[in-house]
């Protein structure tokens, strides 16, 4: 069940929105030749991933594999047919249509991006019944309001993890103050194992941020895990969970969480959606003999 609102008016803030969010112009240019959405079937649920933005980022080892040498980073990259001078970032909120609710997980960098992506998938912002925030980084909360401060999802209830909210509410951050704090009175809070509704269960995935949450979706005997930012790249983070990522606030906990989540997905053959995986973001996990993992992109398993 949802935990009732508490400590919603503590002082503080979250990660600066500008630190993670590309401009709309950048996002539009990067995604001009890419699809806006992809639908999947999970039991009685319709699951849709939305491409709310994408951008090229140079010097990826300044972000991923910070604790490995350049030769190792280069060798792993070459084995996986990816360059070492740049990476393509994807920003992928997810819509869950249960038939009675339309639940949006994370909101992208800005209101324009998420609104356009929803429209491409056949949804309006007024149809969203719940907005679930996996964590409070700028590229996940940016679409909550527009530039004037108006709510993007006027009819929605807001849900997030209690640990995550309390952390940012006790910090000083412009993005949190602008995007999340004004909605505090409309928020409900979850702990590990609580349900947003039947078939949607919060799972603690701490490390990337202090209260980062994933969500297990279950319908018709099938499961799918929304891992959010548990791993931010399909090779340099997911495949090598012990490689340090600049954006992980607690790098040791983040690595342990990656190992636990990837191990679970591999052992139970559960598909997962990653917010920054190559679009459409859905795939499966296989284990390798050298204690690493392999991301297997979805093809037609959940159509």
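Summarising the label geometry, the points placed 7 Å from Cα in the beta-carbon direction at residue 291 and residue 147 lie 5.1 nm from one another.
How tilted is helix 111-120 with respect to the longest principal axis of the chain? Cα atoms for both, answer in degrees (0 to 90, nearest 10). So the helix axis and the longest Cα principal axis differ by about 80 degrees.
Listed peptides 214-222, 124-132 appear in the order 124-132, 214-222 once ranked by packing, highest mean of other Cβ atoms within 10 Å at the front. One decimal place: the segment residue 59-residue 253 gains 67.4 nm when fully extended, by the rule 0.36 nm per residue minus the C-alpha distance. The calculated 222 nm mean residue ellipticity attributable to helices in the chain amounts to -6000 deg cm²/dmol, summing -39500 (n - 2.57) over DSSP H runs of n ≥ 4 and dividing by all residues. The mean sequence distance of close C-alpha pairs (under 8 Å, at least 6 residues apart), as a share of the length of the stretch 142-196, puts its relative contact order at 44 percent.
Our summary gives the stretch 49-132 a relative contact order of 35 percent, counting only alpha carbon pairs under 8 angstrom and 6 or more residues apart. Say R0 is 30 Å: what FRET efficiency, to the nearest 0.05, do residue 67 and residue 172 get from their beta-carbon distance? About 0.55, to the nearest 0.05.
Rounded to the nearest 0.05, the FRET efficiency derived from the C-beta distance between residue 266 and residue 186 at R0 = 30 Å is 0.20. The C-alpha atoms of the chain define a longest principal axis, and helix 70-79 lies at about 90 degrees to it. Return the whole-Å distance between the Cα centroid of the stretch 112-128 and the Cα centroid of the stretch 203-279. After rounding, the separation between the Cα centres reads 26 Å.
Counting pairs of alpha carbon atoms under 8 Å apart in space and at least six apart in sequence, what relative contact order in percent does the chain give? Value for the chain: 21 percent. Between the helical axis of 251-268 and the longest alpha-carbon principal axis of the chain there is an angle of about 80 degrees.
Directionally averaged projected area (the chain, Cα convex hull): 14.4 nm². Count the DSSP beta bridges whose two residues both fall in the chain, then state the antiparallel fraction as a percent rounded to the nearest 5. Within the chain, antiparallel bridges account for around 75 percent of the total. Counting beta carbons within 10 Å around each of 251, 179, 186 and listing the fewest first gives the order 186, 251, 179. The length gained on full extension between residue 154 and residue 78, counted as 0.36 nm times the residue separation minus their Cα-Cα distance, comes to 22.7 nm. The packing ranking, built from the mean of other Cβ atoms within 10 Å per residue, places the peptides 227-238, 137-148 in the order 227-238, 137-148, highest first.
Computed from the coordinates by the stated procedures, all read-outs in this text should not be read as laboratory data. Worth saying up front: this structure is predicted, and the values here are computed from it rather than measured. Heads up, the Cβs are rebuilt from the backbone with ideal geometry, glycines too, and the neighbour counts pull from every protein chain shown.
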